[in-house]
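K.L.:
Pasting a structure here, questions to come.
The values are calculated or read from the model by the stated rules, or taken from the named source; none is laboratory data. Quick caveat, the model's predicted, so the values are computed rather than measured. Don't worry about glycine lacking a Cβ; one is built from the backbone with ideal geometry, like all the others, and counts go over all protein chains shown. Remember, those area values only see protein heavy atoms, side chains included, never the ligands or the DNA or RNA. Shrake-Rupley method; radii C 1.70, N 1.55, O 1.52, S 1.80 Å.
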Amino acid sequence: MYDIITFGSATRDVFLKSKGFEEKEEKKFFGGKGIFISLGSKIPVEEIHFLTGGGGANTAFTFKNQGFKVAFCGMVGDDFAGRKIIKELKGKKVSTDFLFIDKKHHTNYSIVLATKDERTILVYRGASENLQRKDVPWEKLKAKWFYLAPLSGRTMRLFGPVLKFAKKDKIKIALNPSKSQFSLPRTKLKTLLNFADVVILNQEEASLATGLPYHREKEIFKTLDDWVDGIVVMTKGPFGLVVSDGKWLFKAGILKTKKIVDRTGCGDAFGSGFVAGLIRTIGNKQQAGSEDIEYAIQFGSANATSCLQKIGAKNGLLKKRDDILKWGEVKIQKIKL
């Protein structure tokens with residue numbers, strides 16, 4: 001019996017940092033800025049780092065760091081990158097019993113182009129996209145919790161079956177859906193989200209799911225609370241987050257840090273940290289109380305802040321012995337719904 005099984009992608013990440021990656025304002029780009037390089041030139045690179053990432057693998061590391069018995073369910077290619085990921089997971093003692101090899105496609109790859117303040121990621125979506133229902137040994141999935149990182153490609157077809165299987169076997173579900181899930185018909189999406197104990201999404205995803213403008217938070221949470229029987233978390237980037245348990249709204253800011261080395265994996269670090277904190281505090285209780293949720297917010301925020309201190313999605317994650325108040329205490333405002 002595992003404490004938790006994570007589902008999602010596993011990637012080989014290459015980080016490149018160069019003064020030759022020039023940031024310029026450009027209205028047609030999301031965020032109003034872009035990276036510009038000289039066409040046909042050789043651009044010197046000052047730093048290069050070879051690491052691993054992916055939502056399913058990143059979150060597995062958070063849970064393992066906290067002393068839980070963890071397995072990762074996903075797919076990699078039959079290549080050097082795939083073997084590196086398997087070796088790293090085994091070295092961390094994350095079970096690879098549910099990690100499968102795709103002999104037709106390469107392992108997922110990300111090339112991270114880093115400037116002084118930001119990064120752009122080039123993504124190759126390979127083997128992780130091809131895990132299918134027939135590949136999963138359902139009878140062996142024995143766990144107290146499932147954590148579903150964003151799923152896309154063919155893997156999105158696992159969304160419904162995994163949730164229904166967990167519900168049938170009384171396995172608690174933490175869900176961090178992707179935009180792919182929000183393309184489902186709203187009635188189907190509503191039914192599936194109702195299976196989850198914790199749903200974590202950002203402002204854009206919350207707006208997309210409900211069809212409401214992202215600034216209408218109370219209406220968004222009223223809709224999501226009707227759909228989700230458990231806890232809903234909406235992250236807001238530098239503006240903090242809001243959590244609802246159907247009775248209370250918990251509004252929280254972010255932890256201040258002077259040092260931000262790399263933002264890669266920060267979302268995974270918060271989501272898995274929130275759930276790890278919740279698991280630690282609720283124990284065998286049927287429902288989380290206000291104190292449990294506030295602890296989970298602090299834990300997730302500290303894990304995300306810790307992740308920002310190192311290059312890569314895993315290197316900075318909190319260890320079990322680390323103080324979650326290292327960067328201060330998150331200010332939380334509790335509001336009656």
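K.L.:
Starting from residues that are closer than 15 Å to Ser128 by Cα and under 20 Å from the mean Cα position of the chain (by Cα), keep the ones in the stretch 83-92 and report whichever is least open to solvent (accessible area, probe 1.4 Å).
P.N.:
Selected residue: Ile85.
K.L.:
Picking from Val261, Val228, Val275, which residue would you name as being surrounded by fewer than 19 Cβ atoms within 10 Å (Cβ to Cβ), touching a residue at least 12 places away in the same chain (Cβ under 8 Å) and of a type outside the set (Asp, Glu)?
P.N.:
Unique residue meeting the criteria: Val261.
K.L.:
If you don't mind, there's one more thing I want to ask. What residue, among those in the stretch 6-55 that are hydroxyl-bearing (Ser, Thr, Tyr) and within 22 Å of the chain's Cα centre (by Cα), is surrounded by the most Cβ atoms within 10 Å (Cβ to Cβ)?
P.N.:
For the stretch 6-55, the residue satisfying everything is Thr6.
K.L.:
Say we look at the stretch 177-197 and pick out the residues that are within 23 Å of Met1 (Cβ to Cβ) and touching a helix residue (DSSP H, G or I) at 6+ places or on another chain (Cβ under 8 Å); which of these is surrounded by the fewest Cβ atoms within 10 Å (Cβ to Cβ)?
P.N.:
Phe195
K.L.:
Filter the stretch 22-53 for residues that are of a type in the set (A, V, I, L, M) and outside any loop (DSSP other than H, G, I, E, B) and give the result.
P.N.:
Within the stretch 22-53, Ile35, Ile48, Leu51 qualify.
K.L.:
Let me spell it out: the conditions are (1) open to solvent by 70 Å² or more (accessible area, probe 1.4 Å); (2) touching a residue at least 40 places away in the same chain (Cβ under 8 Å); (3) of a type in the set (A, V, I, L, M, F, W, C), and Leu325 meets all of them except one. Which number is the exception?
P.N.:
For Leu325, the failing item is (2).
K.L.:
Which members of the stretch 93-130 meet the condition of being touching a Lys or Arg at 6+ places or on another chain (Cβ under 7 Å), of a type outside the set (Gly, Ala, Ser) and open to solvent by less than 60 Å² (accessible area, probe 1.4 Å)?
P.N.:
The answer is Val94, Thr96, Thr107, Asn108, Val112, Leu113, Glu129, Asn130.
K.L.:
Given the structure, is Gly312 in contact with an Asp or Glu (Cβ under 7 Å, 6 or more places away or on another chain), within 30 Å of Asp13 (Cα to Cα) and small (Gly, Ala, Ser)?
P.N.:
yes
K.L.:
Across the stretch 37-92, which residue is farthest from Gly300 (Cα to Cα) among those that are modelled with pLDDT of 95 or more and among the polar types (S, T, N, Q)?
P.N.:
So, considering only residues that are modelled with pLDDT of 95 or more and among the polar types (S, T, N, Q), the one farthest from Gly300 (Cα to Cα) is Thr52.
K.L.:
Continuing with this model, one more query. Might you let me know whether the stretch 158-165 holds any residue that is open to solvent by less than 10 Å² (accessible area, probe 1.4 Å), in contact with a Lys or Arg (Cβ under 7 Å, 6 or more places away or on another chain), under 17 Å from Gly74 (Cα atoms) and part of a helix (DSSP H, G or I)?
P.N.:
yes
K.L.:
While we're here: Would you confirm, using the coordinates I've provided, whether Leu249 is more than 30 Å from Leu89 (Cβ to Cβ) and surrounded by fewer than 18 Cβ atoms within 10 Å (Cβ to Cβ)?
P.N.:
No.
K.L.:
Name the residue that is most open to solvent (accessible area, probe 1.4 Å), counting only residues in the stretch 62-80 that are among the hydrophobic types (A, V, I, L, M, F, W, C) and more than 17 Å from Ala143 (Cβ to Cβ).
P.N.:
My answer is Phe80.
K.L.:
Only residues that are part of a loop (DSSP other than H, G, I, E, B) and either within 15 Å of the chain's Cα centre (by Cα) or touching a residue at least 60 places away in the same chain (Cβ under 8 Å) (or both): list them for the stretch 291-315, please.
P.N.:
Listed by number, the residues that qualify are Leu308, Ile311, Gly312, Ala313, Lys314, Asn315.
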